[in-house]
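Have a look at the structure below, then the notes.
The values are calculated or read from the model by the stated rules, or taken from the named source; none is laboratory data. None of the values given here were measured: they were computed from a predicted structure. Cβ coordinates were reconstructed from backbone atoms using ideal geometry, including for glycine residues, and neighbour counts include every protein chain displayed. Note: accessible area is taken over every heavy atom of the protein model, side chains too, but ligands, DNA and RNA are not part of it. Shrake-Rupley method; radii C 1.70, N 1.55, O 1.52, S 1.80 Å.
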Amino acid sequence: EALLGCGGMGRVYRGLQLSVNRPVAIKLITGNAPHPAEWVRRFQREAEATARLSHPNSVRLFDFGVTDAGELYMVMELLEGTDLAQQLSEHGPLLLPDALSIARQILLALSEAHALGIVHRDIKPDNVFLARVQGGDLIAKVMDFGIAGFDASNRSPKLTGTGVVIGTPTYMSPEQAQGLPVDARSDLYSLGVVLFEMLSGRPVFESDTAM
């Protein structure tokens, strides 16, 4: 129905699931489609795992697949609100109770994912959506479980493993930055960096280069 935004991963549209008349968000993971076969296989594995997440603080995944043009897509719940990165950019640091509330909600989402063996690998303000729900309350939703390892430039499949770096340097744990295997503890480190930024208004680490 409408283009909602564009980013490094591709494009996000507002759509309608006709079978149940439900508004949805459709994310197209673009690049040089059609994607390599290994990309598609990994995307399917990650999406199947992500579809098992049901916690209220995780963005729900309804469907996924490959378009006729060879683009990978995910169909997710449609949210109204803004992401944490935009909130911090426009309004500055959060009050301590608000920051702790958001951090707690992220932890709840991660708790379910980690219990299922899913590591996000890219916890950052851009991937935390502050959704406004009925009644006006704000709820933090963790986005993009399972697709943090996809590079829309299509230069490499960026499969998870030793020697492969996936994520955003500002928020990476030391082991992740070195391309070493990561587990749930890496997500917790990244959340610590996000919490620092929520309270101070700036990242823990600032530099002109990723290295």
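Descriptive notes on the structure:
- With the simple spin-label model, which puts each label point 7 Å out from Cα in the Cβ direction, the residue 40 to residue 133 separation comes to 3.8 nm.
- For the pair residue 22 and residue 3, the difference between a 0.36 nm per residue extended length and the Cα-Cα distance amounts to 5.1 nm.
- Screening the chain for DSSP H helices whose Cα atoms reach 24 Å or more along their own axis and whose mean Kyte hydropathy is at least -1.0 gives 96-115, 184-200.
- On the chain, 53 percent of the accessible area sits on carbon and sulfur atoms, based on a 1.4 Å probe.
- Fully extending the segment from residue 86 to residue 66 would add 4.2 nm, taking 0.36 nm per residue of separation and subtracting the current Cα-Cα distance.
- Debye equation applied to the C-alpha atoms of region 9-112, log10 I(q)/I(0) at 0.11, 0.16, 0.17, 0.19 Å⁻¹: -0.46, -0.88, -0.96, -1.09
- Taking every protein chain into account, the accessible area of the chain amounts to 52 square angstrom per residue (probe 1.4 Å).
- The radius of gyration of the Cα set in the chain, together with its Dmax, comes out at 16.8, 49 angstrom.
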